[in-house]
1. So what's the angle, to the nearest 10 degrees on a 0 to 90 scale, between helix 81-106 and the longest Cα principal axis of the chain?
2. For Ile42, Ile355, what ranking results if the residue with the fewest other Cβ atoms within 10 Å of its Cβ goes first?
3. Go through Phe277, Asn254, Ser97 and say which Cα lies farthest out towards the positive end of the charge dipole of the chain; charges sit on Cβ, +1 for Lys and Arg, -1 for Asp and Glu.
4. Using the Cα centre of region 176-325 as the reference point, and only Cβ charges (+1 on K/R, -1 on D/E), how large is the resulting charge dipole? Debye, rounded to the nearest 20.
5. At 222 nm, what helix-only mean residue ellipticity would the chain give, in deg cm²/dmol to the nearest 500, using -39500 (n - 2.57) for each DSSP H run of four or more?
6. Identify all lysines with a Cα-Cα distance to Lys215 below 25 Å; exclude those on the same chain that are fewer than 8 residues away in sequence.
7. From the backbone phi of region 253-266, what are the Karplus-calculated ³J(HN,Hα) couplings (6.51 cos²θ - 1.76 cosθ + 1.60, θ = phi - 60°) in whole Hz, Gly and Pro given as x?
8. Please compute the modelled spin-label separation between Lys132 and Ser71, points set 7 Å along Cα→Cβ, answer in nm with one decimal.
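Values in this text are rule-based calculations from the coordinates and carry no lab data. What you see is a predicted model, and the numbers here were worked out from it, not measured in a lab. Quick reminder, even Gly has a Cβ in these numbers, built from the backbone with ideal geometry, and neighbours come from all protein chains shown.
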Amino acid sequence: MKNLLIAMLTLITAAAFGQEKLIKTAESNLKKGKLDKAKIAIDTAIVNPETENLYSTWFLKAQVYAEIAASEKYKTLAEDAEMTALAAYNKARELDSTQVDFTIMRDNRFIQVLANDFYNRGAGFYGKKDFKNAGDAFAESIDLYRTIGVVDTGTLFNTGLCYELAGELEKAKPFYEELYTYNYKQSSIYGSLATIYRTEKDDAKAVAVAEEGYKKYPDDYNAMLNASNINILSGHTERAQQILNGALEKWGDNEQVLFSIGIANEQANNIEEAIKFYQKAIDKSPKYYDANLNMGAIYVNRAIETQKTASNLPLNESAKYDEMMTAASQDFTKAIPYLEVAIEVRPDNINAMTILRDIYVHNKQMDKAEELTKKIDAAKK
């Protein structure tokens with residue numbers, strides 16, 4: 001019996017020693033940069049009952065995998081190594097956050113490496129135009145850096161931008177707002193915040209931040225355009241026109257400025273002025289989609305309103321009726337070339353195609369109407 005107990009103790013001691021040796025092997029190879037050997041050792045230790053519940057084992061795994069993700073030589077050892085490192089780091093904190101924090105306080109290299117891993121992950125997704133995952137990765141990088149008291153404003157901007165491009169404005173908002181408090185030198189954050197506040201139906205806040213951006217960056221074309229557009233959308237057409245009139249002196253040959261002046265006039269119901277500036281924008285850029293679409297819409301809407309007014313005339317005003325219906329037909333015809341350009345540029349605009357098809361029918365241009373019907377049917381599939 002005594003010999004049996006000695007034998008069992010010897011086995012237990014040997015097993016414990018074996019696991020301790022694996023940990024030391026992983027640590028040693030990590031320090032030497034031999035990440036393949038470090039990975040083998042830590043992967044074995046992490047599944048052993050003797051070490052699987054130790055914070056130090058999980059933290060070591062996090063360190064190894066963070067270095068693998070950062071290494072050109074070894075990164076093929078594990079797919080998404082930075083995700084494995086993050087999961088291991090969170091597990092280590094779950095087991096003993098105090099010890100993990102103390103370890104990082106003495107040496108924060110791990111956090112810097114892993115934060116940079118996630119920054120690179122975000123950059124990779126951004127290159128693939130996967131903006132949602134790019135934003136998530138950049139956000140993780142920010143959170144990691146915060147644990148060591150570091151705030152990277154460039155990454156804050158990247159995160160907000162990616163979420164904005166992904167259409168997740170609610171997620172973009174806190175990053176832009178934080179940059180705003182730092183007085184970050186980037187005019188676009190004012191435009192982005194203004195857009196976000198507009199979606200939240202807070203027009204007062206949207207106008208205020210857009211105007212602030214324009215005041216800080218008076219020579220920035222986008223800041224000007226944003227301030228004018230936000231004012232237009234918020235119903236402040238007089239202020240928008242004031243901004244745009246000033247812009248004419250600086251960027252008068254720019255089709256976007258001309259187009260925006262057209263919008264401001266249309267919002268103010270100055271239709272002839274709107275037509276004039278839309279046409280100027282089109283003269284500068286004949287394939288300008290928005291300007292062509294708006295011009296077509298103006299003529300179509302005016303024709304429809306004229307038809308409605310004519311239909312309500314008393315029966316004894318037949319001459320007036322004929323005159324108005326002729327004017328409506330002329331406006332429908334004027335819309336044709338603009339709508340044709342619009343659907344040439346955006347052949348997926350079924351609504352514009354349908355309106356143009358109906359105008360062709362109205363004008364008895366049946367061949368063109370039939371051809372457009374086929375395109376409409378194809379676009380719906």
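1. 60 degrees
2. Placing the least packed residue first, the sequence is Ile355, Ile42.
3. Ser97
4. Here the size comes out at about 120 debye.
5. The helix-only estimate for the chain comes to -27000 deg cm²/dmol at 222 nm.
6. Lys173, Lys185, Lys201, Lys205, Lys250
7. Per-residue couplings from phi come out as 8, 8, 5, 5, 5, 4, 4, 5, 5, x, 4, 4, 5, 5 Hz.
8. Calculated label separation equals 3.4 nm.
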